[in-house]
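The values are calculated or read from the model by the stated rules, or taken from the named source; none is laboratory data. Quick caveat, the model's predicted, so the values are computed rather than measured. In this analysis, Cβ positions are derived from the backbone assuming ideal geometry, glycine residues included, and neighbour counts consider all displayed protein chains.
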Amino acid sequence: MPDTLPVHFNRQERHSLEVPPSFETADSFVIAVRNHGEAGRIHIHLDDGLPEIASIEDTNFYVQANGVTEIPVSVHGTDHVFGKIKVVSGYGAVTRWIDVEVTEPDEDEGVEVDEDLAKPQPRDDTETESTASPFAERPLVPVAGLGLLALLVAVGSAMAFDSALVALGALLVFGAVIGAGYLLFE
């Protein structure tokens with residue numbers, strides 16, 4: 001998650017700006033402008049050494065009433081740079097400067113990966129035996145049980161409702177179970 005530079009807009013009075021005196025980051029960051037009043041526009045400008053390694057898509061931003069506008073600042077370089085961000089509201093009536101220090105990113109030591117991880121590992125059959133389903137080797141048992149259950153429900157329904165349509169459905173279920181049994185034993 002990128003660092004966040006907070007900016008408060010319209011908190012004290014119309015067009016007022018409250019910014020921290022300085023900000024430090026090692027990567028891209030977000031300027032979060034929180035508006036405490038009426039909607040308005042602010043202008044953001046990168047100054048001094050900051051434009052050499054950072055950029056923003058636009059410089060003029062509309063901030064909705066009582067809303068938050070997040071302005072992404074992309075840092076392209078890895079150099080240690082000092083610069084300034086100029087924040088302006090009220091069409092130049094209020095200007096604030098923020099000193100920005102972009103530090104070099106920490107060099108992650110990373111994770112060393114052993115070359116043995118690239119080679120296929122031998123399988124441990126004791127694990128697969130203990131975690132395998134008891135029906136994995138004999139699928140006939142659950143299939144036959146479900147087929148018998150389907151036949152019992154179909155025959156019971158045909159007897160209970162005494163309807164030709166239900167009897168036809170029971171015959172279709174019987175045919176499906178016989179067909180599945182044939183495919184299972186094939």
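Key figures
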| quantity | calculated |
| --- | --- |
| Residues of the stretch 28-48 satisfying the condition of being buried (at least 16 other Cβ atoms within 10 Å of the Cβ) and either basic (K, R) or touching a residue at least 60 places away in the same chain (Cβ under 8 Å) (or both) | R34 |
| Filtered residues of the stretch 62-111 (kept if touching a residue at least 60 places away in the same chain (Cβ under 8 Å) and among the small types (G, A, S)) | S89, G90, A93 |
| Total residues in the stretch 144-171, condition part of a helix (DSSP H, G or I) and of a type in the set (S, T, Y) | 1 |
| Residues satisfying the stated conditions in the stretch 16-29, i.e. in a loop (DSSP other than H, G, I, E, B) and at pLDDT 95 or above | S16, V19, P20, P21 |
